[in-house]
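Some notes on the structure that comes next.
The values are calculated or read from the model by the stated rules, or taken from the named source; none is laboratory data. Nothing here was measured: the structure is a model prediction, and the numbers come from that model. FYI the Cβ positions are ideal-geometry reconstructions off the backbone, even for glycines, and counts take in every protein chain you see.
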Amino acid sequence: MLNIDKALLKDVRDQIESGADKELLVLVGQFHAADLAEVLEALRRDEARYLFRLVPKELKSDVLIELEEDLRLDLLTGMTSAEIAEDVLEGLDSDDAADVMADLPEAKVEEVIELLEDDEQASDIRDLLSYEEGTAGALMAKELVQVEAKWTVARAIREIRRQAEELDHVYTIYVTDSEGVLTGRLSLKHLLLSAATTRTLVSELQSDKEIISIGAQEPAERVAKVMEKYDLVALPVVDEGGRLVGRITIDDAVDVIIEESERDYQLASGISEDVESRDNVWTLTRARLPWLLIGLAGGIGGAYVIGAFDIESNPGMALFIPLIAAMGGNVGVQSAAIVVQGLASSNIDTGDILSRLSKELGVGLINGLICAILILGASAALGFGTALSITVSLALLCVIIFAALFGTFVPLMLDKYKIDPALATGPFITTANDIIGLMIYFAVGTALMGAF
């Protein structure tokens, strides 16, 4: 593992500029594929293409898998179909190969697949590309160890040796019937140590526990949840008829978890597209502008609410506008964040909305009372007067209760209608709470200020 810092990148750039290919080859030989991918992403595109051209054939496939999609596509575009087939796909598992091919135009995909010498690999890639992106089928690999329940231990061991040549790790052995329907699993240890003779049938050794599997059309998020819940390092994938079609390993599930968390974080921050700091100005602007416009509209709405209230007759109320808006937004985001987290981990049932709202009502009431008492005492001590102090404290109580309920209700409803609930923890909640919170504040002020 090398320390990739500015000095190293400068050294790489200088050698690229001077055309010092021999020195670059020595340097590239010291990198792990993930480190080399990090270097390529830190370089300009023309520099990355130059350096990637020098990467040894046996390392190119591993480097490509570590790259972000846009740079990977750029590098693949500069390669011929024959180079992709020979230098890239031959060194990849079926799932990684399908990921690489998914970036390419359909015509080039067919051209590359036709050039593959391994017919089984070509068939596997075509099969994986047929699944919709974001499903378990698109995420799985075809390489696995599979035996039939009616086989003897001797035959099973022969088949395992043959199939294991394509695998780096044998996590488990899957047992199927003659039609390929998944019926159980078997550990390698149990196979080798528990059989009475080599003529013992696999069906006598396979686990009696119900095997956990997932349908090929299930969403990738479901894959991550199942593997997390049952502490699995590999998850078999079956088709509609229950036939074993592939497996998903924990590294792929971790990638899904990271992608989902990054996407949810961006949505919660008011970024509508999957972007990174290295993206161009237009892409970053396009991703961030929509929610800024919503926030702008919300600000205009808040200004209208303030303008509709006779603030001149009660100028002291203007001093607490930032407090009301800030507290409403904070409480709403807190409530929404807890619900979104619960939905993501399947700890909250969207069908039980009333129970969740009643619980949040209690939390909002307690928090609201504490904050209201504190602001009542603080405003009175600072000499704001009895009328204004009571108005602000009562309005704050109402705003906190509303924000807690609103922040809980919105993500539950979004999830119920299959909309990403992470949207609720961003500008949507804060903007809505700003406007409605101010309306509550001035409604309370109108009702109470005239009573004193």
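One line per residue, one yes/no per condition, for (1) in a loop (DSSP other than H, G, I, E, B); (2) more than 27 Å from the chain's Cα centre (by Cα):
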site: 384; (1), (2): yes, yes
site: 396; (1), (2): no, yes
site: 415; (1), (2): no, no
site: 422; (1), (2): no, no
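Sub-6 Å Cβ pairs linking a first residue in segment 352-379 that is of a type in the set (Ser, Thr, Tyr) to a second residue that is assigned to a helix (DSSP H, G or I) and surrounded by 15 or more Cβ atoms within 10 Å (Cβ to Cβ), at least 6 apart or interchain, are 379/389; 379/392, ordered by first then second residue. Residue check: residue 320 meets all listed conditions (1) within 30 Å of residue 227 (Cβ to Cβ); (2) surrounded by 18 or more Cβ atoms within 10 Å (Cβ to Cβ) but one, namely (1).
Considering segment 187-205, and only residues there that are assigned to a helix (DSSP H, G or I) and touching a residue at least 40 places away in the same chain (Cβ under 8 Å), the residue that is nearest to residue 172 (Cα to Cα) turns out to be 202.
Can you find a residue in segment 354-362 that is among the small types (Gly, Ala, Ser), more than 30 Å from the chain's Cα centre (by Cα), surrounded by 16 or more Cβ atoms within 10 Å (Cβ to Cβ) and at pLDDT 90 or above? For segment 354-362, residues among the small types (Gly, Ala, Ser), more than 30 Å from the chain's Cα centre (by Cα), surrounded by 16 or more Cβ atoms within 10 Å (Cβ to Cβ) and at pLDDT 90 or above: absent. On the basis of being part of a helix (DSSP H, G or I), hydrophobic (A, V, I, L, M, F, W, C) and crowded, with 17+ Cβ neighbours inside 10 Å, does residue 59 make the cut? Taking the combined requirement at face value, the residue satisfies it.
Once segment 122-145 is narrowed to residues that are polar (S, T, N, Q) and out of contact with any helix residue (DSSP H, G or I) (no Cβ under 7 Å at 6 or more places or on another chain), the residue that is nearest to residue 203 (Cα to Cα) is 123. For segment 337-360, does any single residue satisfy the condition of being more than 30 Å from residue 222 (Cβ to Cβ), outside the structural domain of residue 69 (by TED's automatic domain parsing) and outside any loop (DSSP other than H, G, I, E, B)? Within segment 337-360, not a single residue is more than 30 Å from residue 222 (Cβ to Cβ), outside the structural domain of residue 69 (by TED's automatic domain parsing) and outside any loop (DSSP other than H, G, I, E, B). Looking at segment 147-156, is at least one residue over 32 Å from the mean Cα position of the chain (by Cα), modelled with pLDDT under 90, assigned to a loop (DSSP other than H, G, I, E, B) and surrounded by fewer than 19 Cβ atoms within 10 Å (Cβ to Cβ)? There is no residue in segment 147-156 that is over 32 Å from the mean Cα position of the chain (by Cα), modelled with pLDDT under 90, assigned to a loop (DSSP other than H, G, I, E, B) and surrounded by fewer than 19 Cβ atoms within 10 Å (Cβ to Cβ). Condition test on residue 178, is it free of Cβ contacts under 8 Å to residues at least 24 places away in the same chain, in a loop (DSSP other than H, G, I, E, B) and not assigned by TED's automatic domain parsing to the domain that holds residue 418? Spelling it out, it is not the case that residue 178 is free of Cβ contacts under 8 Å to residues at least 24 places away in the same chain, in a loop (DSSP other than H, G, I, E, B) and not assigned by TED's automatic domain parsing to the domain that holds residue 418. Filtering 436, 440 for residues that are of a type in the set (A, V, I, L, M, F, W, C), within 30 Å of residue 287 (Cα to Cα) and in contact with a Phe, Trp or Tyr (Cβ under 7 Å, 6 or more places away or on another chain) leaves a single hit, 436. Just to be sure before I move on: is residue 227 within 27 Å of residue 84 (Cα to Cα), modelled with pLDDT of 90 or more and either under 32 Å from the mean Cα position of the chain (by Cα) or not hydroxyl-bearing (Ser, Thr, Tyr) (or both) in the structure I sent? No: the conditions fail for residue 227.
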